[in-house]
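Below is one structure, written out as structure tokens; comments come after it.
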Amino acid sequence: MSSPTRSGAPQPALERKIGPLQATAINMTQMCGIGPFVTIPAMVATMGGPQAMFGWIIGAIVALADGLIWAELGAAMPGAGGTYLYLREAFQYRTGRLMPFLFVWSAVLFIPLIMSTGIIGLVQYLGYLIPGVTDDAGTTPLGKIIGVGVTLVIVAALFRKIGQIGKLTTVLFVVMLIAVLTTVVAAFTHFSGAQAFAFTPGAFSSAGTGTFWGGLGAGLIIAIYDYLGYNTTAYLGGEVRDPGRTLPRSILFSIVGIMSLYFLLQVGVLGSVPLEELKTATSVASTVLEQAWGTVTAKIVTVFIVVAAIGSVFAGLLGGSRVPFEAARDKVFLPMFGKLHPKLNLPTAGVLTMGAITIIGSLFTLTDVINAAVATLVIIQSLAQVVAIVTLRRRQPELKRPYRQWLYPVPTLLALVGWVYIYVSATPLSIGLSLGWIALGALAYLVYAKAERTWPFGPKEIKEAFAADAEGAQA
């Protein structure tokens, strides 16, 4: 099986083997790995108390609004790389290949950084099971070595056909559900509503550094980090069956499903763990389980949580490794990323590169990595896609859109406001690093553009690839 590139030469193609159930499982597994299990204490501390539960709701609204952008773009342009394709089609009219290049340049960094947080959190929970993995200062050298080893195992597991990966991800999805639902049930066996809803006095006033509003920005960074992953199947668009229906459904179902799980988990934990203990907990789910059913059960379910974290990293690297593939095929990124494994039909360079960056990221602290990854993602992906959906609606009205965003442009505007607020709420260091990385990418693009004699050193190549496909199908 082969597909033409922009140069017209046939090359081996990805296989469409992922169905609706597997697609939703991939998204939800990536979304709910270790995230909520390690960030609930940080969320409560950041937002000053139980009012943190509303941070999850606001984060879900932003994620849902953004998900509706992904749903329209993904259904209309189903191919490997997701955002790369959307930015390539939308920005080609004014800045040529600059924006898609910058996205791939940044995604090769921020996607594995987000995955490295899963490894960091996984090691935190291993500390409950294995003495010496963590201490009061955080992860020990032994813990870091274990994290590196787990990442290598995950990368090795990705070297298999996409059909096998889809089945494996479904199994990991079931493990994730068991881990989350068991923790929720454990929390509600000794639940105190008075404790869960004992909002800090003056929490919702407009003044004070410890109020809900004072901590909302930093809290939303945590919340949106935990929701990230609803777009994983869009990265795998070239391997999804019936993408016009499967992609939108997998995105929307996963957001609503995970939002419900997160809210139950957050409220349950707030009502079962004293506030001061919760703010400093490193393995809060294990604490909840131990209080409810004892140490043995807590350790068993903690194993499930660790497996769920592995599943999240697995799904994230699966989707992320496809991002540079299409760009390399278009000669917009390094050629090695466009080559498929001769037997397994997977992008070898993408898997290995993102695995290596995940290992490096796992050696840093959780909050630093979250801030740096989210800040880079927002400016070069989320905000750019807001522009992309508006531009394509205007520039390519004939583009076939199996799904059109509900109530457009309201969700798009809501996502824009949410992403801008989240970005300016990041730490100054994270904002500076994100801007510096993009500036470095712009310089790299100029070198590439000079060599390829493309904009701004040559003519823009305007090719409405998906609109042309739709016209050809109609003809």
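At 0.36 nm per residue, minus the direct Cα-Cα distance, what do residue 171 and residue 140 gain on full extension? Give it in nm, one decimal, please.
On the way: separation 31, 0.36 × 31 = 11.16 nm, distance 3.08 nm.
Stretched fully, the residue 171-residue 140 segment lengthens by 8.1 nm.
Run the numbers on the chain and let me know its relative contact order in percent, using alpha-carbon pairs under 8 Å that are six or more apart.
On the way: 853 pairs, mean separation 158.8, N = 475.
Normalised by residue count, the contact order of the chain is 33 percent.
How far apart, in nm, are the 7 Å Cα→Cβ label points at residue 185 and residue 468?
That separation, rounded to one decimal, is 5.6 nm.
Mean residue ellipticity at 222 nm from the helices of the chain, using -39,500 (n - 2.57) per DSSP H segment of n ≥ 4 over the full residue count, to the nearest 500 deg cm²/dmol?
Details: 21 runs with 329 residues, N = 475.
Using -39500 (n - 2.57) per qualifying helix, the result is -23000 deg cm²/dmol.
Given labels modelled 7 Å from the Cα in the Cβ direction, how far is it in nm from residue 343 to residue 453?
Going by the 7 Å Cα→Cβ label model, 4.3 nm.
Amide H neighbours of residue 134 under 5 Å, counting only residues 5+ apart in sequence or on other chains, H built in-plane at 1.01 Å?
140
Out of every Cα pair in the chain, what percent are spaced more than 30 Å from each other? Intermediate values should be presented prior to the final figure.
Working: 48232 of 112575 pairs.
Cα-Cα pairs in the chain separated by more than 30 Å: 43 percent.
Return the long-range amide H neighbours of residue 79 (sequence gap of 5 or more, or a different chain), with a cut-off of under 5 Å between placed amide H atoms.
Result for residue 79 returns 237, 238.
Length gain on complete extension for the stretch residue 198 to residue 293, per 0.36 nm per residue less the alpha carbon to alpha carbon distance? Intermediate results must be reported in sequence, preceding the final value.
On the way: separation 95, 0.36 × 95 = 34.20 nm, distance 2.54 nm.
Computed gain between residue 198 and residue 293 is 31.7 nm.
Tally up the carbon and sulfur contribution to the accessible surface of region 129-198 as a whole percent, 1.4 Å probe, everything protein left in place. It would help to have the intermediate numbers written out before the result.
Working: 2520 of 3440 Å².
The value for region 129-198 is 73 percent carbon and sulfur by accessible area.
So how strong a dipole does the chain carry about its Cα centre when Lys and Arg Cβ are +1 and Asp and Glu Cβ are -1, to the nearest 20 debye?
Values: 30 positive and 21 negative charges, 308 e Å.
Value, rounded to 20: 1480 debye.
Taking R0 as 35 Å, what FRET efficiency do you get between residue 276 and residue 421 from their Cβ-Cβ distance, rounded to the nearest 0.05? Write down the numbers at each step before the final one.
On the way: r = 29 Å, r/R0 = 0.83.
The computed FRET efficiency comes out at 0.75.
With a ≥ b ≥ c the root eigenvalues of the C-alpha gyration tensor of region 294-420, is it rounded (a/c under 1.5), prolate (a/b larger than b/c) or oblate?
It is oblate, given that a/c is not under 1.5 and a/b is not larger than b/c.
What do you get for the angle between helix 212-227 and the principal long axis of the chain? Use alpha-carbon atoms, 0 to 90 degrees, nearest ten.
Tilt of helix 212-227: around 60 degrees.
With all protein chains present, calculate the accessible area of residue 161 using a 1.4 Å probe and round the result to the nearest 10 Å².
80
Let me check something: with ligands and nucleic acids excluded, how do 66, 368 order by accessible area (1.4 Å probe), largest to smallest? Intermediate results must be reported in sequence, preceding the final value.
Numbers: 66 5, 368 95 Å².
Putting 66, 368 in descending order of accessible area: 368, 66.
Using only Cα atoms, tell me the angle between helix 52-76 and the longest principal axis of the chain; keep it within 0 to 90° and round to the nearest 10.
20
How many angstrom lie between the C-alpha centres of region 53-78 and region 138-214?
After rounding, the separation between the Cα centres reads 20 Å.
Calculate the dipole size of region 331-449 relative to its Cα centre from +1 charges on Lys and Arg beta carbons and -1 charges on Asp and Glu beta carbons; express the result in debye to the nearest 20. Kindly include the intermediate steps, with their values, before the conclusion.
Working: 9 positive and 2 negative charges, 134 e Å.
The calculation lands at about 640 debye.
Only bridges with both residues in the chain count here: give the DSSP antiparallel percent, nearest 5. Display every interim value, and only then the final one.
Numbers: 7 of 8 bridges.
For the chain, the DSSP antiparallel bridge percentage is about 90.
Under 5 Å between amide hydrogens, which residues at least 5 positions from residue 191 or on another chain qualify, with H placed 1.01 Å from N in the peptide plane?
Long-range HN contacts for residue 191: none found.
Between residue 360 and residue 443, what is 0.36 nm times their sequence separation minus the Cα-Cα distance? Round to one decimal in nm.
Numbers: separation 83, 0.36 × 83 = 29.88 nm, distance 2.41 nm.
Length gained, residue 360 through residue 443: 27.5 nm.
At a Förster distance of 22 Å, what's the computed FRET efficiency of residue 159 paired with residue 303, Cβ-Cβ distance as r, to 0.05? Intermediate results must be reported in sequence, preceding the final value.
Working: r = 25 Å, r/R0 = 1.12.
So, using R0 = 22 Å, E works out to roughly 0.35.
The values are calculated or read from the model by the stated rules, or taken from the named source; none is laboratory data. All values reported here derive from a predicted model rather than from experimental measurement. Positions of Cβ are generated from backbone atoms using ideal geometry, with glycine treated the same way; all protein chains shown enter the neighbour counts. In case anyone asks, the SASA skips ligands and DNA or RNA and just uses the protein heavy atoms, side chains included. Shrake-Rupley method; radii C 1.70, N 1.55, O 1.52, S 1.80 Å.
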